[in-house]
Each structure stands twice: as C-alpha cells, then as structure tokens.
Amino acid sequence: MRSQAWEWAEGAGLTPTQGEILVLLMQRKGPMRLGEIARETALTAATTSDAVSTLESKGLVEKRRALDDGRALAVRLTARGRTAAKRAAQWPDFLAKAVSTLREEEQALFYRTLLKTVRQLEEQEDIPSHRMCLTCTHFEPSKNPKKTPHHCALLDLKMSDTDVRLDCSVQETADVATQKKNWKIYAL
C-alpha cells in the first residue's frame, strides 16, 4: 500500500502525507485545527505543520482563524484542494478491486478481521481512534447478521457486516461497557 501511495502521490505532485491530509479535510467537511489533523493522522505536530504549509503554498488549503476561537488557526480545503482530495481518495482502489474478487462471505470475514485489527491497534495506542459503528452509542449489533442485520438506531439503518462503518460522521462514542458488549457480540 505504501508503494502504491508513493506512486500515486508522485504523479499528483504530493507526498502520501499531504494526500492523507487532503482526504481527511474532505471527509470532515469543514475546517480542522492543526492539532486535530495531527491527532487524526497520527503525525507529529511539526510534520503536520510542514505538510499543511506546503499544501497552502500549492493553493490546496488555506488557514483561517477558527470561528470558535479567534486565536486558533483552522485549515480548510480550497476548490483546487477539493479536486485533489477527490483524486487522492481514489488511490486505494487497487486494494478494493482485489477484495472485490473474494466471495461475499470472504469479504465479510476479511472486513471483520480488519475491524478487529484496527481495534487492537487503537487499544495498543499505535493508531488514533476511529469513529466506528462498533464504538457508537447508536449501534445495535446482531448475533446473526445474516438473519437479523445490525442496526443503527440514529439513522434507522439495517447493516450487514460489510456495512459497519470504520469512520462515521455521526458517530457518538458509547460508554466503555456498551463498547465491550458491542465488540463481544460482533467478534463472535
């Protein structure tokens, strides 16, 4: 994946880190502070600042005063930045194409395994926390999703295993007991 990221980024005149920041800003649909970007990407403050400054010099992002605190700076995409972010979001397509060759039940098992791996990496504090369904107060896991799908109470949405989101914009973090219960049911 790293090789593919570098190949794509080189062709776009960006580094993979810069592409990742553009995609993050596009996904969040609003300005983010440098500290938030650093936390979400698991980068140092210095690396984040350098990458954002380079993106700003390329006209892909702009820094403005945060609306909620005039002393803080917030970063947002420019129109050119949105276009670049859309292209950057497409680079992992090679992996999606490979996974699409798996049978449906293999895809579901692969995705469950991926989510469990992400959870373990989060618990080890090797990666930042994601806003996934399994840690959300609105998620209702099913013991048998083939018969009875998982459910999002907020969106009133039925979900198969592969519909469970790794990053949901409306996620509200559940208490620890609920998260443990969700994982216990989902991880069967």
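The values are calculated or read from the model by the stated rules, or taken from the named source; none is laboratory data. Just so it is clear, the structure is predicted and the values come from calculations on it, not from any experiment. Glycine also receives a Cβ, built like all others from the backbone with ideal geometry; neighbour counts cover every protein chain displayed.
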Exercise for the section: For region 153-171, state whether one or more residues are in a loop (DSSP other than H, G, I, E, B), surrounded by 11 or more Cβ atoms within 10 Å (Cβ to Cβ), acidic (Asp, Glu) and out of contact with any strand residue (DSSP E or B) (no Cβ under 8 Å at 6 or more places or on another chain). Expected result: yes
Fill in the blank from the handout: Only one of (1) surrounded by 15 or more Cβ atoms within 10 Å (Cβ to Cβ); (2) more than 19 Å from the chain's Cα centre (by Cα); (3) closer than 23 Å to residue 26 by Cβ does not apply to residue 132, and that is (2)
Exercise for the section: Starting from residues that are in contact with a Ser or Thr (Cβ under 8 Å, 6 or more places away or on another chain) and modelled with pLDDT of 90 or more, keep the ones in region 39-53 and report whichever is surrounded by the most Cβ atoms within 10 Å (Cβ to Cβ). Expected result: 51
Exercise for the section: State whether the residues of region 55-70 include one that is under 15 Å from residue 37 (Cα atoms) and assigned to a helix (DSSP H, G or I). Expected result: yes
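Mind checking whether some residue in region 133-143 is within 25 Å of residue 40 (Cα to Cα) and part of a loop (DSSP other than H, G, I, E, B)? Full working, then the answer.
So in region 133-143, the residues within 25 Å of residue 40 (Cα to Cα) come out as 133-139.
Now narrow it down to the ones that are part of a loop (DSSP other than H, G, I, E, B): 137-138.
Yes, region 133-143 has at least one match.
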Handout entry: Lone qualifier among 120, 90 - being part of a helix (DSSP H, G or I) and either over 19 Å from the mean Cα position of the chain (by Cα) or surrounded by 11 or more Cβ atoms within 10 Å (Cβ to Cβ) (or both)
Key = 120
Problem - residue 130 being outside any loop (DSSP other than H, G, I, E, B) and not assigned by TED's automatic domain parsing to the domain that holds residue 36 - result: no
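Yes/no per residue for (1) touching a strand residue (DSSP E or B) at 6+ places or on another chain (Cβ under 6 Å); (2) of a type in the set (Phe, Trp, Tyr); (3) modelled with pLDDT of 85 or more; (4) not assigned by TED's automatic domain parsing to the domain that holds residue 50:
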residue: 67; (1), (2), (3), (4): no, no, no, no
residue: 79; (1), (2), (3), (4): no, no, yes, no
residue: 95; (1), (2), (3), (4): no, no, no, yes
residue: 112; (1), (2), (3), (4): no, no, yes, yes
residue: 115; (1), (2), (3), (4): no, no, yes, yes
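Looking at 96, 108, 84, can you tell me which residue is in contact with a Leu (Cβ under 6 Å, 6 or more places away or on another chain), among the hydrophobic types (A, V, I, L, M, F, W, C) and not in a loop (DSSP other than H, G, I, E, B)? Don't jump to the end; show me each part of the working.
Working: 96 fails: in contact with a Leu (Cβ under 6 Å, 6 or more places away or on another chain); 108 fails: in contact with a Leu (Cβ under 6 Å, 6 or more places away or on another chain).
Residue meeting the stated conditions: 84.
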Practice task
Return the residue satisfying two criteria in turn: it lies in region 107-165 and is touching a Pro at 6+ places or on another chain (Cβ under 8 Å) and among the polar types (S, T, N, Q), and of such residues it is nearest to residue 176 (Cα to Cα).
Solution key: 142
Problem - Output for region 2-35, where each listed residue is basic (Lys, Arg) and either in contact with a Leu (Cβ under 6 Å, 6 or more places away or on another chain) or modelled with pLDDT under 80 (or both) - result: 2
